[in-house]
Amino acid sequence: MEIVIVENKAEAATIAADIVEAYAREGKTLGLATGSTPVGTYQELIRRHREAGLSFADCQAFLLDEYVGLPREHEQTYYQTIRREFTAHIDIEDAKVHSPDGTAEHPGEAARAYDASIKRAGGVDVQILGIGSDGHIGFNEPTSSLVSRTRIKTLHPDTVRDNARFFDGDESKVPHHVMTQGIGTIREARHLLLLAFGENKAEAVAAMVEGPVSAMCPASVLQMHEHVTVIVDQAAAAGLEHTQYYAYALENKPGWQRF
Ligand code: GLP
């Protein structure tokens with residue numbers, strides 16, 4: 001894993017946008033995440049689209065997860081959230097922005113169909129990820145199988161509490177069920193780009209990077225992936241003990257690609 005410890009969110013957004021831009025320029029398939037963490041990256045990509053002509057017209061996009069039971073028009077569905085925060089402001093065709101169907105009558109079938117649609121698109125080239133304070137990725141809570149596929153999950157009460165801020169602070173309004181790409185699905189993306197900010201994420205980041213690979217910290221599966229970039233601010237990095245491994249100077253030799 002490449003661990004990049006940055007000074008602030010703006011620096012993280014620039015580095016993450018540089019990485020995503022390289023894929024967008026080749027019309028690759030983007031894996032998008034919701035949550036507050038990637039918002040700065042999306043804003044930077046929107047700025048590059050508007051001011052520097054960065055085009056996403058040849059890209060497809062797949063979302064990680066969705067609440068179950070919220071009507072598609074609900075402003076807190078991830079279907080709406082990603083449009084509001086990112087894809088409505090760039091030149092990707094709306095039909096190319098895919099997400100799990102949290103309203104499906106047969107969720108098991110819808111989940112399998114979603115996995116199949118990712119495969120048909122040739123897989124995800126770069127997957128943006130946040131991390132839950134309990135180490136979840138997508139909505140794969142601790143004890144999720146590390147080879148799981150897209151399916152329905154029940155949220156841990158802590159995640160319901162964390163996400164209540166998007167529902168007027170009212171935990172009773174947060175759906176308790178979600179449809180999420182499985183950890184096995186996420187692992188198939190060719191490049192994983194995980195961002196984390198703030199002290200609330202410090203414990204999860206330490207477990208992900210320095211802890212054992214364990215279903216108790218789903219994000220620890222990133223240790224088993226061949227191309228991972230983790231971008232964290234100082235607060236989220238505070239639990240890391242072995243910073244001498246991460247703080248190395250970059251030797252910028254021609255052809256040496258850092259990310
Ligand atoms: C939700 C999402 C995750 C996200 C996490 C962290 O649970 N399903 O994909 O990473 O929240 O959210 P935030 O970035 O707002 O801290």
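The values are calculated or read from the model by the stated rules, or taken from the named source; none is laboratory data. Please read these numbers as outputs of a predicted model, since none were measured by experiment. Cβ coordinates were reconstructed from backbone atoms using ideal geometry, including for glycine residues, and neighbour counts include every protein chain displayed. Accessible surface is based on the protein model in full, side chains and every heavy atom, while ligands, DNA and RNA are left aside. Shrake-Rupley method; radii C 1.70, N 1.55, O 1.52, S 1.80 Å.
Here are the numbers for this structure:
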item: Some residue of the stretch 193-204 being away from the ligand (no atom under 14 Å from the Cβ) and either surrounded by fewer than 24 Cβ atoms within 10 Å (Cβ to Cβ) or small (Gly, Ala, Ser) (or both); result: no
item: Answer residue from the stretch 35-56, given it is open to solvent by 40 Å² or more (accessible area, probe 1.4 Å) and part of a loop (DSSP other than H, G, I, E, B) and is nearest to the ligand (Cβ to nearest atom) among those; result: 36
item: Residue match in the stretch 88-95 (condition: under 23 Å from residue 115 (Cβ atoms), surrounded by 15 or more Cβ atoms within 10 Å (Cβ to Cβ) and within 12 Å of the ligand (Cβ to nearest atom)); result: no
item: Answer residue from the stretch 98-139, given it is more than 30 Å from residue 207 (Cα to Cα) and among the polar types (S, T, N, Q) and is most open to solvent (accessible area, probe 1.4 Å) among those; result: 103
item: Of all residues in the stretch 143-168 being more than 9 Å from the ligand (Cβ to nearest atom) and more than 22 Å from residue 115 (Cβ to Cβ), the one that is surrounded by the fewest Cβ atoms within 10 Å (Cβ to Cβ); result: 168
item: Tally, over the stretch 123-159, of residues that are more than 19 Å from residue 38 (Cβ to Cβ) and either among the polar types (S, T, N, Q) or more than 18 Å from the chain's Cα centre (by Cα) (or both); result: 9
item: Cross-chain or 6+ apart pairs with Cβ under 9 Å, the stretch 24-48 first and closer than 14 Å to residue 58 by Cα and among the aliphatic types (A, V, I, L, M), then within 11 Å of the ligand (Cβ to nearest atom) and in a strand (DSSP E or B); result: 30/127; 30/128
item: Residue list for the stretch 239-250, filter: open to solvent by less than 80 Å² (accessible area, probe 1.4 Å) and either at pLDDT 95 or above or not in a loop (DSSP other than H, G, I, E, B) (or both); result: 239, 240, 243
item: Qualifying position, being more than 22 Å from residue 139 (Cβ to Cβ), within 16 Å of the ligand (Cβ to nearest atom), in contact with a Ser or Thr (Cβ under 8 Å, 6 or more places away or on another chain) and open to solvent by less than 60 Å² (accessible area, probe 1.4 Å), among 16, 61, 24, 12; result: 12
